[in-house]
Amino acid sequence: YNVGDIVEIDGFRGKVKEIGIRTLSLEDSGGNVKIISNSELKNIVNRSNYRSIAVTDVGVSYDIDLEELDKKLVGILAAIKEKHPDIFIGRVECAGVESLADSSVVLRFIADVNEENIFSGKRVLNKELKIAFDKAGINIPYPQIVVHK
């Protein structure tokens, strides 16, 4: 690993800020700095070496025709990738039906991102999918409570 790489050491994920003779400094996304003695460095995962995957699940109504939705998703996902080339560096796709939940069919979406964008990639994907689904008339169900008096 080098300064600037994103690593995970014993469950702490952060960007390498400084490599010293005796210590290593990591800064997480919240600005918290952890200083670790070099003699304590074990179980290190360098997350900067490969692409990471932003993952999000979105539920759709059981009434929807999934084959028709698949056709619409091709254009929707291509537009999202084109709109955010700074975040999405590879595929942006629907991986398929993740589960059959109580009130929705849950679809899993994945997108290739750099590790530094793994969280923002998920948030952007959620936002863009919601906007696109609204425009396309695709219903995202949510729990509702009916009260009778």
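Considered as a group, the residues in region 50-74 that are open to solvent by 100 Å² or more (accessible area, probe 1.4 Å) and in a loop (DSSP other than H, G, I, E, B) include one that is nearest to Asp86 (Cα to Cα), and that residue is Arg51. Of all the numbered requirements in (1) under 14 Å from the mean Cα position of the chain (by Cα); (2) aliphatic (A, V, I, L, M); (3) farther than 27 Å from Val16 by Cα, Leu100 misses one, and that requirement is (1). Total residues in region 115-149 satisfying the condition of being exposed (fewer than 12 other Cβ atoms within 10 Å of the Cβ) and part of a loop (DSSP other than H, G, I, E, B): the figure is 9. Which one of Asp112, Asp28 is on the phi < 0 side of the Ramachandran plot, surrounded by 17 or more Cβ atoms within 10 Å (Cβ to Cβ) and either in contact with a Lys or Arg (Cβ under 9 Å, 6 or more places away or on another chain) or of a type in the set (A, V, I, L, M, F, W, C) (or both)? Going through Asp112, Asp28 in turn, just one is on the phi < 0 side of the Ramachandran plot, surrounded by 17 or more Cβ atoms within 10 Å (Cβ to Cβ) and either in contact with a Lys or Arg (Cβ under 9 Å, 6 or more places away or on another chain) or of a type in the set (A, V, I, L, M, F, W, C) (or both): Asp112. One residue stands out among those in region 1-25 that are under 14 Å from Ile44 (Cβ atoms) and part of a loop (DSSP other than H, G, I, E, B): the one that is least open to solvent (accessible area, probe 1.4 Å), which is Asp5. Residues in region 36-46: is at least one touching a strand residue (DSSP E or B) at 6+ places or on another chain (Cβ under 8 Å), closer than 30 Å to Ile21 by Cα and part of a helix (DSSP H, G or I)? Yes, region 36-46 contains a residue that is touching a strand residue (DSSP E or B) at 6+ places or on another chain (Cβ under 8 Å), closer than 30 Å to Ile21 by Cα and part of a helix (DSSP H, G or I).
One residue stands out in region 19-61 among those that are under 19 Å from Glu115 (Cβ atoms) and among the acidic types (Asp, Glu): the one that is farthest from the chain's Cα centre (by Cα), namely Glu27.
The values are calculated or read from the model by the stated rules, or taken from the named source; none is laboratory data. Owing to the predicted nature of the structure, the values given are computational and were not obtained by experimental measurement. Neighbour counts run over all protein chains shown; Cβ positions are idealised from the backbone, glycine included. Only protein heavy atoms, including side chains, enter the accessible area calculation; ligands, DNA and RNA are left aside. Shrake-Rupley method; radii C 1.70, N 1.55, O 1.52, S 1.80 Å.
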